[in-house]
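The values are calculated or read from the model by the stated rules, or taken from the named source; none is laboratory data. These numbers come from a predicted model, not from an experiment. Cβ: placed from backbone, ideal geometry, glycine included. Neighbour counts: every protein chain shown. What goes into the accessible areas is simple: the full protein's heavy atoms, side chains included, and nothing from ligands, DNA or RNA. Shrake-Rupley method; radii C 1.70, N 1.55, O 1.52, S 1.80 Å.
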Amino acid sequence: MALEHALLVSLSEQDASGYDLTRRFDKSIGFFHSATHQQIYRVLKRMDEAGWVEVEAIAQDGRPDKKMYRVSDAGRAELTRWIAEPSEPNHLRNELAIKIRAAAHADLPALRREVARHRDGHAARLDVYRLIEKRDFPNPAALSGSSLHQYLVLRGGIRVEEGFTDWCQEVLDALPTGEPATEDTGEPATEDTGEPATEDTGDYAAEATGEYATEGHPQP
């Protein structure tokens with residue numbers, strides 16, 4: 001997707017200045033398509049030259065004129081053409097996944113810290129999405145038009161972040177800590193006297209279900 005199309009989508013929802021568009025990208029569209037402020041202004045200039053937008057200069061006291069952009073007929077035609085154009089399904093290309101596959105060669109505590117960092121990052125974004133959902137779409141069943149479309153995209157983001165957060169936690173639950181299971185006291189092994197083993201009193205079982213069992217499964 002070209003940045004031009006993301007801007008056409010945003011402008012089709014509401015006319016905006018270049019500054020308004022940069023703020024909109026920071027708060028909404030930017031979750032799904034990244035662009036710097038400089039890129040947005042450069043692309044707006046190209047869109048103006050291509051006839052995809054109309055520009056109105058609005059006078060401001062003591063400041064340069066404010067340029068307001070709206071989608072032109074040619075821009076709407078391009079947006080319609082682009083929406084109908086087939087898009088390839090995205091494939092997961094994730095560097096963290098490759099690192100996990102190479103875990104046999106890894107410093108396991110360091111790898112676990114990296115996975116936990118990714119989990120926390122996805123969880124933080126998930127919290128933001130859920131806050132937006134609660135604030136802007138309190139009654140999804142009543143939505144229609146652009147509001148419904150925005151909500152459906154937000155739901156896609158929520159599903160993605162839920163999936164990544166859960167996956168990272170699953171990895172942490174499965175990966176060993178890389179630390180010894182029991183403390184090495186340096187004492188020599190007990191000599192095998194040939195005597196029958198003493199009765200199992202259950203103490204070992206209790207130990208195994210206590211501290212040892214939780215060592216491989218730290219809390220998030």
Full-extension gain between residue 136 and residue 95, please, as 0.36 nm times their residue separation minus the C-alpha to C-alpha distance. 11.4 nm
Whenever you get a sec, compute what percent of the accessible area on region 49-178 sits on carbon and sulfur atoms (1.4 Å probe). 53 percent
Can you tell me the length gained on complete extension of the stretch residue 15 to residue 80, counting 0.36 nm per residue apart and subtracting the Cα distance? 21.6 nm
Förster radius 25 Å - calculated FRET efficiency between residue 37 and residue 60, Cβ distance, rounded to 0.05: 0.85
Counting only the heavy atoms of the protein chains, how much of residue 56 is accessible to a 1.4 Å probe, in Å² to the nearest 10? 80 Å²
So how long is each side of region 35-77 along the principal axes, counting just the alpha-carbon atoms, biggest first, in Å? 37, 24, 13
To the nearest Å², the heavy-atom accessible area per residue of region 28-82 with 1.4 Å probe amounts to 68 Å²
Isotropic mean projected area of the C-alpha convex hull, region 56-98 (nm²): 6.7 nm²
Pairs of lysines 8 or more apart, or on different chains, with alpha carbons under 22 Å: count those in region 1-106, would you? 4
If you average the alpha carbon positions of region 11-29 and of region 63-107, how far apart do those two centres end up, in angstrom? 16 Å
Taking just the alpha-carbon atoms of region 1-145, what radius of gyration and Dmax come out, in angstrom? 20.4, 65
Exposure ranking of 108, 126 by accessible area [1.4 Å probe, largest first]: 108, 126
How big is the charge dipole of region 1-148 about its Cα centre, in debye rounded to the nearest 20, if each Lys and Arg gets +1 on its Cβ and each Asp and Glu gets -1 on its Cβ? 740 debye
